[in-house]
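S.K.: Take a look at the following structure, please.
The values are calculated or read from the model by the stated rules, or taken from the named source; none is laboratory data. None of the values given here were measured: they were computed from a predicted structure. Here the Cβ positions follow ideal geometry from the backbone for every residue, glycine too, while neighbour counts run over all protein chains shown. Heavy atoms of the whole protein, side chains included, go into the accessibility calculation; ligands, DNA and RNA do not. Shrake-Rupley method; radii C 1.70, N 1.55, O 1.52, S 1.80 Å.
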Amino acid sequence: MLSIKNRIIAVCCAAIDSDSIKYYMNYFTEYAKKNNYKILFFRSFSDLYRAASQGKHDIGESCIFSLINYKLIDAMIILPETIKCPAVRDDLIRHAKLNNIPVISIDHYIEGCYNINFDYKTALEKILCHLIEDHHYTCINFIAGIKGNAYSDERIDIYKKVLKEHNIPIEEERIGYGGFWSIPTKKVIKDFINSELPMPQAIACANDTMAITAYNSLINAGYDLPQEIAITGFDGLIQAIEHYPAITTAQHDYENAVIKAFDILNDIFNHKEVPAANYINSNVIIGGSCGCHYDSIKKYNNLSYNLNNRYDAQIQFNKDQINMTADLNDNTSFQGMFDKLTRYAKNFFSHRFWLCVVDNFLTEDEELSDILDDNASLHFGYSNHMDVVLSKHDTIWQGMTDFETSNLLPNIESVLEEEDNILFLPLHVLDHTIGYAALVYEPDKMNMEQLYQFLMNVSTALETMKVHQRQQNIISSLENKYIHDPLTGLLNRRGFYQKVLPDFNRCINEEKHFIAISVDLNGLKKINDTYGHSDGDIAISAIGNILINSSFQDETCARFGGDEFVMAGPLADGLDANDFWDKIHQNINIYNKMHNHPYDVSASIGIITGIPTPEISLDDFIKAADEEMYKDKVLHHQLREQ
């Protein structure tokens, strides 16, 4: 638990396309401050519907909820209807209960939690009564949601109840199922039109999405709305309220729901008894779709003005994102990316933010085996430590730092002393976790849709850079294997020519001395036949190390194959062939004295020095050194036979 004086409340929600979450977050921000609470928002942009069927994007989104440290919070508020994956929802509540954290659920009853539910029944009854009592409609169709869904069935029961109370016959054919969305609703409207029953005077819908679809479908079919057919909805979506004409609907009282949540928290912390079920009324909003008088011109002008402004702002934002994507991808390092990302800080929509990535994400020199290992290269979930790669407080940019993930942020206590809330959002590509963004939520600045697009673009750019670095590491690793001898680690023939040829050409141009040394391990066949090939490999590796230790200024050493070695490079001033001859033999003697092998390691050596000319090739130098080596080998055999 943190030592700050305020209680800390975690608020968990999901989805980018829900108007209700904007209302909730704004009211949570306002009333938490009034009640002296601090809020930690944990939010995914997706509603996580596909997480249940292993949709990789939604799995990556859901990771943000695993970030919660239950030892830091005093209570949790969850909006279960926004989180469409039951497993994620249940996991949040299970962890809270294990840590004795009280949970308040809004708009979805959950056993063992403190529940705040909306009174759907009364609001829908008022809408239906308005159609019957104020407009005197007696033929009303109803579009429900999903057949068998509890919310849908409840609203059908209310429809039937109101009709019965007003002595209106109930005809089952006048009930359709629009599935709470547009495509099935279009089919329902077509079925109503093609039915043998007369068209209704009004159609009441179980939500606003179906009401808007029904309205437009009937207009397209040639009906004059609302004069011929009235339409009503439910839920109070912005799209319904801003529709032309506005849809008559019912909107949840989000403000009073939030006020009630903090009242419950106050009672819990003051050890007062709190009921498990609490109810908030929904407010009926009368628009023009039901046939009521509606100030359409003024509303239409305001709506048109706002839509044009939003359209222009989105066009400019899209241009900025195109430029940002180009800037972020035009880099060879993460640091270059972060430097350019500072130009787009306004897209965090906050005066204070942190960009955090999982530990080791920025590691540039990965082992080939780790890159090829999917478990090592693709990371799901947050590491024990995180790296802040970009952070800004007002106008001050703060340096990179690492911190324990359980703390959520570096110096979180001091941050919460200064700020009223922090919003945590996922950074990922598919189900590969990159990290998270944290920022102070400011309702007047926030554009959540644009923030989503911005963070997805940042995530993609980071992942692209990581993939590019891994590709470069793979290329470097394969190239290294391509030009090196696996036994000795020396360059092979191909690597030797790549490295030495530029030095040789420089000696030609600058008229400087060049040295080439040909070395051949003596008696390799006898060692292999007598002591085994493993001892033969030991002798080969020994010569390789002896040559490396015998260089004076990093002359290039290579194994051409079998028992053949070459050392070559520009000849340093003051050195000659004898210096190399003596040093190689001295190191051979040292090796034999230090190792108790049943055989001595020895080598035949040929050395050539001189100033190369354009008429002389590197091959010519090496061939001359080989000839000198063969002379030494003949002498070696003669001495051995004596």
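S.K.: What is the one condition in (1) in contact (Cβ under 8 Å) with a residue 40 or more places away in the chain; (2) in contact with a helix residue (DSSP H, G or I) (Cβ under 6 Å, 6 or more places away or on another chain); (3) not basic (K, R) that I483 does not satisfy?
M.R.: (1)
S.K.: Return the pair list, or none, for Cβ contacts closer than 6 Å from residues in segment 499-526 that are more than 24 Å from D537 (Cα to Cα) to residues that are small (G, A, S) and open to solvent by less than 10 Å² (accessible area, probe 1.4 Å), at least 6 apart or on different chains.
M.R.: V500/A568; D503/G569; A516/A568; A516/A625
S.K.: Need pairs with beta-carbon distance below 8 Å; first residue without any contact (Cβ under 8 Å) to a residue 60 or more places away in the chain and within segment 94-117, second surrounded by 13 or more Cβ atoms within 10 Å (Cβ to Cβ) and among the polar types (S, T, N, Q); sequence gap 6+ or separate chains.
M.R.: S105/N115; H108/N115; H108/N117
S.K.: When the residues of segment 38-82 are narrowed to those that are open to solvent by less than 30 Å² (accessible area, probe 1.4 Å), of a type in the set (A, V, I, L, M) and touching a Cys at 6+ places or on another chain (Cβ under 7 Å), which ends up modelled with the lowest pLDDT?
M.R.: A51
S.K.: Another question about this same structure. Out of all the residues in segment 212-231, is one or more surrounded by 20 or more Cβ atoms within 10 Å (Cβ to Cβ), closer than 21 Å to E81 by Cα and either modelled with pLDDT under 95 or not basic (K, R) (or both)?
M.R.: No, segment 212-231 has no match at all.
S.K.: Does D582 satisfy the criteria of being open to solvent by 70 Å² or more (accessible area, probe 1.4 Å), farther than 14 Å from T488 by Cβ and at pLDDT below 95?
M.R.: The answer is no for D582.
S.K.: Looking only at segment 26-48, count how many residues are in a strand (DSSP E or B), among the aromatic types (F, W, Y) and within 14 Å of C12 (Cβ to Cβ).
M.R.: The qualifying residues number 2.
Quick grid of which residues meet (1) more than 20 Å from the chain's Cα centre (by Cα); (2) surrounded by fewer than 20 Cβ atoms within 10 Å (Cβ to Cβ); (3) at negative phi:
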residue: V440; (1), (2), (3): no, no, yes
residue: D444; (1), (2), (3): yes, yes, yes
residue: R470; (1), (2), (3): no, yes, yes
residue: N473; (1), (2), (3): yes, yes, yes
residue: D485; (1), (2), (3): yes, no, yes
residue: F496; (1), (2), (3): yes, no, yes
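S.K.: Return the only residue of Y120, Y159, Y151, Y114 being under 25 Å from I193 (Cβ atoms) and in contact with a helix residue (DSSP H, G or I) (Cβ under 8 Å, 6 or more places away or on another chain). Can you show your working first?
M.R.: Details: Y120 fails: under 25 Å from I193 (Cβ atoms); Y151 fails: under 25 Å from I193 (Cβ atoms); Y114 fails: under 25 Å from I193 (Cβ atoms).
None of the others qualify; the one that does is Y159.
S.K.: Quick one: A624 ticks every box in (1) hydrophobic (A, V, I, L, M, F, W, C); (2) assigned to a helix (DSSP H, G or I); (3) more than 12 Å from S518 (Cα to Cα); (4) out of contact with any helix residue (DSSP H, G or I) (no Cβ under 7 Å at 6 or more places or on another chain) bar one, so which box is it?
M.R.: In the conditions (1) hydrophobic (A, V, I, L, M, F, W, C); (2) assigned to a helix (DSSP H, G or I); (3) more than 12 Å from S518 (Cα to Cα); (4) out of contact with any helix residue (DSSP H, G or I) (no Cβ under 7 Å at 6 or more places or on another chain), A624 misses (3) alone.
S.K.: Sticking with this one: So L416 clears everything in (1) under 9 Å from the mean Cα position of the chain (by Cα); (2) crowded, with 20+ Cβ neighbours inside 10 Å; (3) at pLDDT 95 or above except one condition, right? Which one?
M.R.: Condition (1) is where L416 drops out.
S.K.: Somewhere in segment 301-312, is a residue at negative phi, at pLDDT 95 or above and among the small types (G, A, S)?
M.R.: Within segment 301-312, not a single residue is at negative phi, at pLDDT 95 or above and among the small types (G, A, S).
S.K.: Further question: For Y436, state whether it is assigned to a helix (DSSP H, G or I) and among the aromatic types (F, W, Y).
M.R.: no
S.K.: Let me ask something else about it. Condition first: open to solvent by 30 Å² or more (accessible area, probe 1.4 Å) and on the phi > 0 side of the Ramachandran plot. Now tell me which residues in segment 587-611 satisfy that.
M.R.: Of everything in segment 587-611, nothing turns out to be open to solvent by 30 Å² or more (accessible area, probe 1.4 Å) and on the phi > 0 side of the Ramachandran plot.
S.K.: If I ask for residues that are farther than 21 Å from N318 by Cα and open to solvent by 40 Å² or more (accessible area, probe 1.4 Å), which ones from segment 340-361 would you list?
M.R.: Let us first name the residues in segment 340-361 that are farther than 21 Å from N318 by Cα, namely 351-361.
Once the filter is applied, which keeps residues that are farther than 21 Å from N318 by Cα and open to solvent by 40 Å² or more (accessible area, probe 1.4 Å), segment 340-361 yields H351, D359, N360.
S.K.: Of (1) surrounded by 14 or more Cβ atoms within 10 Å (Cβ to Cβ); (2) part of a loop (DSSP other than H, G, I, E, B); (3) under 57 Å from the mean Cα position of the chain (by Cα), V566 satisfies all except one. Which?
M.R.: Here V566 clears every test but (2).
S.K.: Then there's this: Provide a single number: the residues in segment 238-276 that are of a type outside the set (S, T, Y), modelled with pLDDT of 95 or more and outside any loop (DSSP other than H, G, I, E, B).
M.R.: Within segment 238-276, residues that are of a type outside the set (S, T, Y), modelled with pLDDT of 95 or more and outside any loop (DSSP other than H, G, I, E, B) number 16.
S.K.: Let me ask something additional. Within segment 17-35, does at least one residue satisfy the condition of being in contact with a Pro (Cβ under 7 Å, 6 or more places away or on another chain), open to solvent by 20 Å² or more (accessible area, probe 1.4 Å), without any contact (Cβ under 8 Å) to a residue 60 or more places away in the chain and farther than 26 Å from E419 by Cα?
M.R.: No; the residues of segment 17-35 include none that is in contact with a Pro (Cβ under 7 Å, 6 or more places away or on another chain), open to solvent by 20 Å² or more (accessible area, probe 1.4 Å), without any contact (Cβ under 8 Å) to a residue 60 or more places away in the chain and farther than 26 Å from E419 by Cα.
S.K.: Any chance you could count how many residues in segment 1-16 are open to solvent by 10 Å² or more (accessible area, probe 1.4 Å) and either of a type outside the set (S, T, N, Q) or in contact with a Ser or Thr (Cβ under 6 Å, 6 or more places away or on another chain) (or both)?
M.R.: Final tally of qualifying residues: 6.
S.K.: How about segment 508-535: which of its residues are surrounded by fewer than 19 Cβ atoms within 10 Å (Cβ to Cβ), within 56 Å of the chain's Cα centre (by Cα) and within 20 Å of D576 (Cα to Cα)?
M.R.: I508, E510
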